[in-house]
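Inspection log for the structure reproduced underneath, given as C-alpha cells.
The numbers here are math on the coordinates, done by the rules we state, and not lab data. Here the structure is a predicted model, which is why all the values come from computation and not from measurement. Cβ placement follows ideal geometry from the backbone for every residue including glycine, while neighbour counts extend to all protein chains displayed.
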Amino acid sequence: MAQNNSNLVGEYMALWQEHGIEEIPSKKKSRTKRKRKPPQTQPQYKSLTDLQNELRDCRRCGLCKERNKIVFGSGNPKTKLLFVGEGPGANEDKTGLPFVGRAGDLLNKIIEAMALTRDEVYIANIVKCRPPSNRVPLPEEIEECLPFLKAQIELIKPQMIVALGLTAASTLTGEDATMGMLRGKFHNLVWNNSIPLMATYHPAYLLRNPAAKKVVWEDMKLVIKKMGPSKK
Ligand code: URA
C-alpha cells in the first residue's frame, strides 16, 4: 500500500513538473513574514535630572488633578542604598520632597541607626504624586508611574533596595503576600534579579504600631550585613 502511494506521488510530481510546478502545493497558505513589534524598551535617560525633566507637569494619570508638587525623589544619586515608599503625603506634596512628615522623621532615625545620613542614601516612591486623602495608589496609577522608578533604579544602580510598606514591597517583588510574610528576607525585583530587596514595615505603620520598630531594626541589620562595610 505504501509502495502504491509513493508511486502515485511520484507520478503527480512528474505531471506537475511538466507544468513547471516544482513543489507540492500545500493547503496551508504561505505566511508572509510579519514584522515583529520591537520589544518595549525603556527610554534611556542620561541622568536623574533628564528623567525629572521628563516628568515635569506630568498628566499621565488622574493623580495630577489634585497634586501640588511632583515628588521625584531625593538623595545621593550614586548611593548603594535606595529606599522606596508608597507615595507622597500632604507634607511631601507641599514641599516636593519625599518623607518629610512624621513618617519621614522616623525614616531619618532608621537611616541614622544604620550609621548613614539621608544625604548618603536615595529615597523615592512608587508613585510620584499624592493620592487624594492618602489612599493607596490604584493599579493604573502605579502602572503609569513605575517606569520612572525603574529608570531611577537603572540610573542609580543601587546595591540594595529597601521597600517600605506593602505597596512598595508587592509592586517591586510581584509577590501577593502580607508584610509579615515578605519582611525579613531578600527578594528580587520583578524585572531585575541582580539587586536584592528587603521588604519592611512602612514608617507610618511604625507610628501607629511602635512595637514593630524592633522587627524593622532586625530587617535593617540584615541589610547592613549583606551590604558589607562600605554602605555609601
Ligand atoms: N509615605 C510614603 O510612602 N512616601 C513619602 O514620601 C511620604 C510618606
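Counting neighbouring beta carbons within 10 Å and listing from fewest to most, the residues Tyr122, Tyr45 come out as Tyr45, Tyr122. Can you tell which of Thr178, Gln159, Met227 lies farthest toward the positive end of the dipole of the range 96-232, using +1 and -1 charges on the Cβ of basic and acidic side chains (Lys, Arg; Asp, Glu)? So the residue furthest toward the plus end is Met227. How do Arg135, Arg183 line up, fewest other C-beta atoms within 10 Å first? If I rank by nearby Cβ atoms, fewest first, I get Arg135, Arg183. The phi-based Karplus calculation (6.51 cos²θ - 1.76 cosθ + 1.60; θ = phi - 60°) puts the 3J(HN,Hα) values of the range 121-128 at 10, 10, 10, 9, 9, 5, 10, 9 Hz, whole numbers, x for Gly and Pro.
Evaluating 6.51 cos²θ - 1.76 cosθ + 1.60 at θ = phi - 60° for every residue in the range 191-203, the Karplus couplings come out as 9, 7, 9, 9, 10, x, 10, 9, 9, 8, 5, 6, x Hz, glycine and proline recorded as x. Taking amide H positions as modeled 1.01 Å from N, with prolines and chain starts lacking one, the residues under 5 Å from Asn125 and 5 or more places away or on another chain are Gly85. Under 5 Å between amide hydrogens, built in the peptide plane, is the criterion, and for Ile195 it picks out Leu189 among residues at least 5 positions away or on other chains. What is the sum of charges around Leu63, taking Lys and Arg as +1, Asp and Glu as -1, for the other residues whose C-beta is under 14 Å from the C-beta of Leu63? Within the 14 Å Cβ shell, the charges total -1. Within the range 142-159, name every residue whose backbone N is under 15 Å away from a label modeled 7 Å from Cα of Arg60 along the Cβ vector. Those under the cut-off are 142-155.
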